[in-house]
1. Give the number of residues within the stretch 168-200 that are closer than 16 Å to V215 by Cβ and among the β-branched types (V, I, T).
2. Assess whether Y247 counts as being within 22 Å of G283 (Cβ to Cβ), open to solvent by 10 Å² or more (accessible area, probe 1.4 Å) and in contact with a Gly (Cβ under 7 Å, 6 or more places away or on another chain).
3. Going by the structure shown, is A150 crowded, with 18+ Cβ neighbours inside 10 Å and of a type in the set (A, V, I, L, M, F, W, C)?
4. Just checking, how many residues over the stretch 157-195 are assigned to a strand (DSSP E or B) and either in contact with a Ser or Thr (Cβ under 8 Å, 6 or more places away or on another chain) or under 14 Å from E139 (Cα atoms) (or both)?
5. Taking the stated definitions as given, is K192 among the basic types (K, R), modelled with pLDDT of 95 or more, open to solvent by 30 Å² or more (accessible area, probe 1.4 Å) and under 24 Å from T129 (Cβ atoms)?
6. Across the stretch 218-242, which residue is farthest from R277 (Cα to Cα) among those that are open to solvent by less than 20 Å² (accessible area, probe 1.4 Å) and part of a helix (DSSP H, G or I)?
7. Six or more apart or on different chains, Cβ atoms under 6 Å: show the pairs whose first residue is in the stretch 64-75 and within 27 Å of P105 (Cβ to Cβ) and whose second is basic (K, R).
8. Take the residues in the stretch 263-312 that are among the charged types (D, E, K, R) and in a loop (DSSP other than H, G, I, E, B); name whichever of them is most open to solvent (accessible area, probe 1.4 Å).
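The values are calculated or read from the model by the stated rules, or taken from the named source; none is laboratory data. Nothing here was measured: the structure is a model prediction, and the numbers come from that model. Positions of Cβ are backbone-derived with ideal geometry, glycine not excepted, and every protein chain shown enters the neighbour counts. Calculation scope for accessible area: heavy atoms of the full protein, side chains included, ligands and nucleic acids excluded. Shrake-Rupley method; radii C 1.70, N 1.55, O 1.52, S 1.80 Å.
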Amino acid sequence: MQAITRRDFLKTSCLTLAGAGLLGVNRSIAIEPFNRAGSPRLALSLAAYSFRDYFKDANHKREAAIDPAKRIDLFQFIDFCAEHDCQGTELTSYYFPANFDATFPLKIKRHAFLRGIAISGTAVGNTFTAPAGSKRDQEIANVKRWIDHAAMMGAPHIRIFAGEAPSAASRDQARALCIAAIEECCEYAGSKGIFLGLENHGGIVAEPDQVLEIVRAVKSPWFGVNLDTGNFHTDDIYGDLAKCAPYAVNVQVKTEISRRGQKQEPADLPRVIKLLRDANYQGYVALEYEAAEDPWKAVPEALKRLKQLLAG
């Protein structure tokens, strides 16, 4: 088959499938960097994970240490994002109520719309390196279930993980298992108009080349990298982020980094934003705050700093 770009693939797919009302997955086309026309466009969002200890529906590990007055739900988190001038709100799946019914995502969508804010995406916890069997089936089914939730909320993106290599499998075997699971989920996600973004999150994707090996192998136009700027612990973190940025469909910015064998240090946020601009990234940049300082104090300051950088 003659090699074509992702841009050309999407264009021809839209033309040929528009009559059927589908945007399917051509399983013979591997992913290459996004060829985005125009200039970089960086929109500010905030990940709910930034307030992970404060959600009413979360499993609090520090229950006794949490001030009840600081507890929030997803609706209040959306309000916080709107009041701090974010363009998007990233609603991590962990903080949805247990066993919520089909009306809940619609209530979330309505609330965000009335606050004038977009739901930039959601995030799930999953492992795609499990061998064939019930656990693997459950992991895939859960991601598909969240694809449905994302579609109901109007969220265009879901962050996914790869996983660790099982003790009984080699890294190559684990990678093959992961790719197959991602392709199955992408086929379903594409039918709903949802992008899946693989996060650089340790395990079999701890290094940039490991991330890109999987991303380039998955055959779907609905897939890319969920680039977490704090998750590489290599010698050249900014260079490694720059390698992955052309494949990004979502970016989560941390205020700290940790180089190989060294303690945490403040992230060079201007450098992070520059490498995203250099990659002509166009999409959401979500603050995902993980530092030790109280997020109620630190997050507004970090959002203000990011807003200045994104506007610059």
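1. 2
2. yes
3. Judged against the criteria, A150 is a match.
4. Number satisfying all stated conditions: 4.
5. So K192 does not fit the description; no.
6. Filtering the stretch 218-242 for residues that are open to solvent by less than 20 Å² (accessible area, probe 1.4 Å) and part of a helix (DSSP H, G or I), the one farthest from R277 (Cα to Cα) comes out as I237.
7. R71/K56; D73/K56
8. Per the criteria, the residue is K263.
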